[in-house]
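Asks: Take this structure first; my questions come after.
Nothing in this text is a laboratory measurement; each read-out follows from the coordinates by a stated rule. What you are looking at is a predicted structure, and each value in this text was computed from that prediction instead of being measured. Quick reminder, even Gly has a Cβ in these numbers, built from the backbone with ideal geometry, and neighbours come from all protein chains shown.
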4 protein chains.
Amino acid sequence: MTVKIILAGPRGKMGSEAIKMIQQEKNFDLIACIDRKNKDVLPEFPVERVPVYYDAAKCFAEVDADIYVDLTIPEVGFPYTKLALEHKLQAVVGTSGFSEQQIKELTSIANRQKTGCIIAPNFALGAVLMMLFSKMAATYFPDVEIIEKHHDNKVDAPSGTATKTVEMIQQTRESKTQGHPDEYEMIEGARGANDDGIRIHSMRLPGLVAHQEVVFGSKSQLLTIQHDSFHRESFMEGLKLAIEEVQSLETLVYGLENVMDLS
Amino acid sequence: MTVKIILAGPRGKMGSEAIKMIQQEKNFDLIACIDRKNKDVLPEFPVERVPVYYDAAKCFAEVDADIYVDLTIPEVGFPYTKLALEHKLQAVVGTSGFSEQQIKELTSIANRQKTGCIIAPNFALGAVLMMLFSKMAATYFPDVEIIEKHHDNKVDAPSGTATKTVEMIQQTRESKTQGHPDEYEMIEGARGANDDGIRIHSMRLPGLVAHQEVVFGSKSQLLTIQHDSFHRESFMEGLKLAIEEVQSLETLVYGLENVMDLS
Amino acid sequence: MTVKIILAGPRGKMGSEAIKMIQQEKNFDLIACIDRKNKDVLPEFPVERVPVYYDAAKCFAEVDADIYVDLTIPEVGFPYTKLALEHKLQAVVGTSGFSEQQIKELTSIANRQKTGCIIAPNFALGAVLMMLFSKMAATYFPDVEIIEKHHDNKVDAPSGTATKTVEMIQQTRESKTQGHPDEYEMIEGARGANDDGIRIHSMRLPGLVAHQEVVFGSKSQLLTIQHDSFHRESFMEGLKLAIEEVQSLETLVYGLENVMDLS
Amino acid sequence: MTVKIILAGPRGKMGSEAIKMIQQEKNFDLIACIDRKNKDVLPEFPVERVPVYYDAAKCFAEVDADIYVDLTIPEVGFPYTKLALEHKLQAVVGTSGFSEQQIKELTSIANRQKTGCIIAPNFALGAVLMMLFSKMAATYFPDVEIIEKHHDNKVDAPSGTATKTVEMIQQTRESKTQGHPDEYEMIEGARGANDDGIRIHSMRLPGLVAHQEVVFGSKSQLLTIQHDSFHRESFMEGLKLAIEEVQSLETLVYGLENVMDLS
C-alpha cells in the first residue's frame, strides 16, 4: 500500500534529499509540498506535477495524505506540526530545536487525536546508535572522552552531536573526576572542553566531513564507538524508518532510538 | 560483607590475575584454591596462608565458602562446577568450551538447587559490549565486515571473538549477499574469510596485542565498534562483576551481557 | 604569468574536475580541449568559448600553448603525448597504463626535445606520500600488512594502490616470512591476500569511498600510515603541482613523488 | 665481532630494558655499569659478574670498552658523556634534556677526538619516523592537527612528542591560520591547544598507553600518521640501531633520523 506524503521544507538541504528518497521508494508517494516562499507550483521546482502550497492549513484541508514530514526550521515546524496533528495526520519532524514545553504540547495533541508523531533530533541511524551505545557502555566504562571531527567550515565547537552524546552518557555514568588529579596544561586547551568531567576534542580540517569517536577506557582495555557521515544522504534511511514506524503509533515519540527494534 | 571465594586454576594466566584482583578487593576473601597438580599447600605458592586442595570434593566439604570461581579447562571445570552447585555453592565459570548438553545439565542442577551460576565465554566487558552492540546494529546495518588484529604468535585465524561476533550478528541481520555481485580477487584471499556472507580479515603483526573492529556500512555513513585489549588484566572487571551478580541469582546465566545493566 | 593549457579528455571524470580546477586557478588558462568524440565546439559543452579539437595534431599546430594535460586512456594518451613532446609542449599525463617500452620512448623524445614531461600514476598527494613513507618505513619495519577499504561497487580486489604500495615496500624491505610459521586458517581467506609475504585485506562496504591503512608492527609498537580519499577532487592538488613543476623540467619524470620537495 | 659496552643508569626504566636487550644480542657484550648510587658490585644487582662503578672516570680508565651508553638524567649524562668522548669512547645518549650550548660543546669534543656520538631524544623508531614523515607531509598539507593519547597517570599535556612534532612540522609548513576565521568555542578548550596555529588534543584515559595521530587534511582527502607504543621495550630497536651506527661515525649526530637509511 502506498503512503501519501506531504513534505514541508522542500527547498532545504534535507528537504531536497528527502524528495529524492521519496521518489525512489515504491511505497512512498509525494502528493504535496508546503513552502512558505512559494505561492504556487513554480516551473523551476524539481518536483513536477506536485502542488506546492504556501498555506499549510489550506494544504492539510485540501490534500488527502497519510503522513506529514516536516523538514523546516523550529519556528515554522511547531505550528505546522500542531496543525497536522489536529488534522489527524501522522507527523515525522526532523528537529532538535523544540522546547520541552512545545514537545509537551505536541504530545498532548497526539494523544488526544490518537495520532502518531515522531520527533527526531538526528536521522542518521549510525549516530543514533553511537549515542545509544555510549549511554549503555558508560555504566561500566565511566572514563570516556569524545573526539569529533568536522570540515573547517564549521564555526562552532563542540558539535551538537558531541554535547548530546554527553547528555546521553550522563544518564548512566556515575559522576566522577577523570584524568590525573594533578594534571595541568602546558598549553591552554590541550585537554579539550570539559563537559561535566568528560573531555570533548573538536578537530576542524579540510577533507573532513562529519565524524565522531567516543572512546571508553578501563584497565588495559578500550572500547571505541565511531560514526562517520559523508553526506546528508545518510539521514534518509532514518527518515524512511520514521515514516514506516509512525504509522503504527498513536502517541508522540521523541528520538529515533525509541522506535528502533534493538533486541 | 565479605564474599568467601574458592578458586580453581590458580596457576593459570587467568587464575594468577584473579588472585591479584581478589586480594585487592576489600569485600573479596580468597579462602581456598583447588589445584590438580598440588596435593597440599606448597611453600613456593604465591598465595600465603591459603590452603590449596588437590581434591575438589574434599575442598567443598571442608571449606565454608560463598562462591566458587572456575578458571580451569573445560574437562576439569565441568565436573568441578557440578560438584560446587551440588554443594549449593554459587559458581562463576570462565569458559567457552562447554557443550550445549553440559550447559543444559548444569542449568538443571542450578535450578534444582536454587543456586546461581554464571558461565562467561569472555570476561572482557568491552568485548562483551562490542558483540552486543554489533548484534543490535545489524538490524539496521546488514552490511558489515570484521577486522581482528593480534600479535604474530597467534596461530589460528580468524579469532574466536570474530566468529562469535558473527554468530551474534546473525541473530538480527537479515541474510544478504554483500559486496558487488561480480567481485573477484586478483590475489586469492584479498576479500578475507567468508563467514555467512560476512567478511573477516585477520591481521597478525608483532606489536599488536588483541584488537577487533566491526565496521557497518550504509549509504554515506559508517558505524564502527572497536575493542582493544592490551593485557589479560582487562578480564578482571568482568570477573568481579560476575562474582557480584551471581549472588542474587537462583539459576544459570550464560554470557556476561545477560547480567549486565544495559538500560 | 599565465600558463596556457590544452586538455585532452575533458568529458571524463578526471577531465571534468580538471576543467573546474583550471578555471579556478588565476594563473592557469584553458585555451583548448582535445576530444576524440567531438568534431567541433559543441554548444552543450561546459567550457564556453574554448575550442574543442577532434584532431590532436591540428590542435598542437594551431594553438599556442605552454602545457599539454592528458587525462585520456593509455591507448589515446601515448600517441597524443608523443605528438605534444614533438611540438615542444610540456606534458602532464595522468595514467598508470603505459608500458615500460612506452615510457622509454617518451623519455627519449623528452630528452631530445629538452621538454619536460611528468607521468603520474596517481595524482592524490596523500596517496603518493603514503606509498613513499611506506617504502621508507619498511627498512626498519619489515613486518607490514595493508587494509584497503572501498565502496561495494568496486569489483576487483586488492586495489591497484595496495599492490603498488607492496611494490614500493619491496624496494627497501628485507624479504621475510611474516606471521607465525605454523599459522592456519579456520576459514579460508582470513589472513588475506599474500603478496610476497605481505598480507592485503580488502574491505568492501556501502558508505566507504577509498581508504587505505598500511600498518607496520614491531616489538611493542605500531606505525600506521593511512590515506582517505572522499572524492576525485582530491586529485586536483596533485595535478596543479605537476603543471607547476613540469615547467622547470627538461626531461621525463615518472611519479609525482619525484618532483615533490621532500626535505 | 663483539661490541663491548659500558652502560650508565642501569637501574632506571630504560636502563633495565637496555640490559635485557644487550644480553639478548649476540654481538653486544655488557662489560661494566656506572651507577652513582652503588659503590661496588651489589649482590642483588640483576647483572651478574658485571662490575658496577660508582666513579665514571675510574670506569673509563680501567675498562676497555667500545661504546658508552648513557641512560641517566641530563645533569649526570653531560659530564659522563664528555668524559667518555675524552677517552675516545663512542657514545650513545638517550636524552632530550641537553641545552644547545651543551650539544655544541659535545660536538666540538667529538670532532676533535674523531669519535662518534649519537644523542637521541627518542629511541622509538616509529615515533621518529612519524615526526619525520609529518615534517615531509606538511609542505603539501599545511592544515594539520594532532591527537595524542596517554594513560591517565600522565600529568602534563600536551606530550613532549606532540610539541616536538609541531617543531618538526614548522620547518616545512608555510605559516597559516587554520580553521574557520569566525570559529568559536561553546565550551572553552574544545578546539585544543593552539601551538603556532596547529591544534593539539590530549586524551587521558585508563587503558591507553602512549599513542599519537597526526592528521593532515586537504580537499577531499586525509593523510594520517599514527604511532602506538605499548611498552618501553619499543625503544630498544632504536637503541640497538644507535649502537650499530655510532661505530662508523667520527662526529656527533643529533636525532636518530639522521643516522637512519631513508632511501
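Asks: Mind pulling the angle between the C-alpha long axis of helix B:100-113 and the longest principal axis of chain B? Nearest 10 degrees, somewhere in 0 to 90.
Replies: 40
Asks: Would you calculate the separation in nanometres between label points at A:Glu250 and B:His231, each defined as 7 Å from the Cα along the Cα-to-beta-carbon direction?
Replies: It works out to 5.8 nm between the two label points.
Asks: Please report the spacing between the Cα centers of region C:216-263 and region A:114-169 in Å, no decimals.
Replies: 36
Asks: Sticking with this one: Taking the Cα atoms only, what angle lies between the long axis of helix A:74-86 and the longest principal axis of chain A, rounded to 10 degrees?
Replies: 50
Asks: Treating only the Cβ of Lys, Arg, Asp and Glu as charged (+1, +1, -1, -1), what charge dipole size does the protein assembly as shown show about its Cα centre? Round to the nearest 20 debye.
Replies: Computed charge dipole of the protein assembly as shown: roughly 0 debye.
Asks: Moving to a separate point now. If you take the alpha carbon radius of gyration of chain D and divide it by 2.2 N^0.38 Å, what ratio comes out, to two decimals?
Replies: 1.13
Asks: Another one. Only sites in a loop by DSSP and with at most 16 other Cβ atoms within 10 Å count here; which GluC sites (Glu not before Pro) in region A:116-217 make the cut?
Replies: Qualifying residues, ordered by number: A:Glu174, A:Glu188.
Asks: Now, a different point. Shape verdict for region C:1-148, please, from the Cα gyration tensor: rounded (a/c under 1.5), prolate (a/b greater than b/c) or oblate.
Replies: Prolate, because a/c is 1.5 or more and a/b exceeds b/c.
Asks: Would you mind ranking B:Asp228, C:Asp261 so that the residue whose beta carbon has the fewest other beta carbons within 10 Å leads the list?
Replies: C:Asp261, B:Asp228
Asks: Next up: If you fit an axis through the alpha-carbon atoms of helix A:160-170 and take the longest principal axis of the Cα set of chain A, what angle between them do you get, 0 to 90°, nearest 10?
Replies: Rounded to the nearest ten degrees, it is 60.
Asks: Starting from one equal scatterer on each C-alpha and no solvent at all, send me the Debye-based log10 I(q)/I(0) for region A:125-230 at q = 0.15, 0.16, 0.21, 0.23 Å⁻¹, two decimals.
Replies: -0.62, -0.70, -1.15, -1.31
Asks: Could I ask something else about it? Do the alpha carbons of any pairs in B:Lys4/B:Lys82; B:Lys58/B:Lys88; A:Lys219/B:Lys4 sit beyond 22 Å of each other, and which pairs?
Replies: A:Lys219/B:Lys4
Asks: Shifting gears a bit: Just to confirm the numbers: A:Glu62, label point 7 angstrom along the Cα-Cβ line, distances to the other copies in nm, shortest first?
Replies: Spacings between copies for this position, smallest first, are 5.6, 9.3, 10.6 nm.
Asks: Within 10 Å of each Cβ of D:228-240, how many other protein chain Cβ atoms are there on average?
Replies: 4
Asks: Which shape class applies to the protein assembly as shown: rounded if a/c is under 1.5, otherwise prolate when a/b exceeds b/c and oblate if not, where a ≥ b ≥ c are the square roots of the Cα gyration tensor eigenvalues?
Replies: Oblate, because a/c is 1.5 or more while a/b does not exceed b/c.
Asks: Something else about it: Mind checking B:160-169 for the average number of partner chain beta-carbons within 10 Å of each residue's beta-carbon?
Replies: Average per residue, whole number: 1.
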